[in-house]
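Enquirer: Quick one: this structure, given as structure tokens, is what I'll be asking you about.
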Amino acid sequence: MRLSRFWAGDLKNWNSGELHALDADESRHLINVLRARPGLEIELLDGAGCTGSAILREQRGQIAWIECRDKIHLERGRQITLCGPAPKGWRLPYLLEKLQELGVASWIPLESARGGPPERLHPEKLRSRLREACKQSGCPWLTDIGSPLGFPALMKREGLVVLEATGATWRDLALPAHDLILAYGPEGGFSPEELELLHGRGVQKLRLGPHVLRMETAAIVGAGLAAANFAG
């Protein structure tokens, strides 16, 4: 049976045998939702590559106090970044949740000719959603939300591959040796001028299939392909 996972943002500074308090939200879930009793073993992660285990020792008011048992820090391999316009409404939190489950290192909002500056992103609410997806998936690293990037600046990034209907299949790509940036366009695709710039710079393009995809669908499929191939 899988142990329940809890967020411990300061885990890297904890030592085996020490008592520490979970934050209010994590304590509420452990005590009130799971109705845990002293002696229960749980998993911990901090979103920065550190994972471990702990034992619930006592409840002080509404705060759970746990004993750290062990921890390890994992080294991160090749990283995947997604860059593209922010979908509107519920589609953005959904996109970020799936990118977190896939282990994507960061998402960067893109400003392009057909996709202007993103709406107010409410980063704290989005990070809360990411933390929940991090715990659910067991991914040791939290997906970062980057600052908006313009199309000309995107062209200067190394390891860039653009999701585009005229591109090659995954097996035909010459993948970068290190980190990968996957860029997806807005609804309606990149403008002719942007496509011409991509061609002039020799940027690789990846085709995901014969059908037109919503931008968040394209982002998730592209990230899944990259994650599966990097893991293999």
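Every number here is computed from the coordinates shown, using simple stated rules; none is lab data. Please read all numbers here as calculations on a predicted model, not as lab measurements. Note that we place each Cβ from the backbone using ideal geometry, even for glycine, and neighbour counts take in every protein chain shown.
Enquirer: Distance cut-off 19 Å, Cα to Cα: go down the list K98/K125; K12/K71; K98/K205; K156/K205; K71/K125; K71/K135 and report the pairs above it.
Expert: Over 19 Å Cα-Cα: K98/K205; K71/K125.
Enquirer: May I ask for the longest run of the chain untouched by GluC sites (Glu not before Pro) that are loop-located per DSSP and have at most 14 neighbouring C-beta atoms (other than their own) within 10 Å?
Expert: 19-74
Enquirer: Another question, if that's okay. Note the angle between two axes, namely the Cα long axis of helix 215-231 and the longest principal axis of the Cα atoms of the chain, as a number of degrees from 0 to 90, rounded to the nearest 10.
Expert: It works out to around 70 degrees.
Enquirer: Tell me, V161, V33, V104 in order of fewest to most beta-carbon neighbours within 10 Å?
Expert: Ordered by Cβ neighbours within 10 Å, fewest first: V33, V161, V104.
Enquirer: Here's something else I'd like to know. To test your reading of the geometry: what angle, between 0 and 90 degrees and rounded to tens, separates the Cα axis of helix 123-137 from the longest principal axis of the chain?
Expert: 70 degrees
Enquirer: I need the calculated FRET efficiency for the pair V33 and H122, taking r as the beta carbon distance and R₀ as 25 Å, to the nearest 0.05.
Expert: Given R0 = 25 Å and the Cβ-Cβ separation, E is 0.50.
Enquirer: Here is a further query. Name the trypsin sites (Lys or Arg not before Pro) in segment 78-118 that are in a loop by DSSP and that have at most 11 other C-beta atoms within 10 Å, would you?
Expert: Passing sites in segment 78-118 are K88.
Enquirer: A follow-up question, please. How would segment 113-170 be classified by its alpha-carbon gyration tensor: rounded, prolate or oblate, with rounded meaning a/c under 1.5 and the a/b versus b/c comparison settling the rest?
Expert: In terms of gyration-tensor shape, oblate.
Enquirer: Computed from these coordinates, which is Rg and Dmax of the Cα atoms in Å: [x] 18.9, 57; [y] 16.9, 48; [z] 20.4, 64?
Expert: [z]
Enquirer: Moving on to the next point. Run the numbers on segment 52-156 and let me know its relative contact order in percent, using alpha-carbon pairs under 8 Å that are six or more apart.
Expert: 25 percent
Enquirer: Hey, what did segment 5-73 get for relative contact order, percent, Cα under 8 Å, at least 6 apart?
Expert: 40 percent
Enquirer: Can you give the angle from 0 to 90° between the axis of helix 192-201 and the longest principal axis of the chain, with both taken from C-alpha atoms, to the nearest 10?
Expert: Relative to the chain, helix 192-201 is tipped by roughly 80 degrees.
Enquirer: To continue, here is another question. In whole Å, what is the distance between the alpha-carbon centres of segment 211-232 and segment 42-94?
Expert: Cα centroid of segment 211-232 versus Cα centroid of segment 42-94: 23 Å apart.
Enquirer: Let me ask you something else. What is the spread of the Cα atoms of segment 148-232 along each of their three principal axes, largest first, in whole Å?
Expert: 36, 28, 26
Enquirer: Would you work out the relative contact order for the chain, in percent, from Cα pairs under 8 angstrom that are 6 or more residues apart?
Expert: In percent, rounded to a whole number, it is 19.
Enquirer: Using 0.36 nm per residue of separation minus the Cα-Cα distance, give me the extension gain between R214 and T169 in nm, one decimal.
Expert: Roughly 14.3 nm would be gained on extension.
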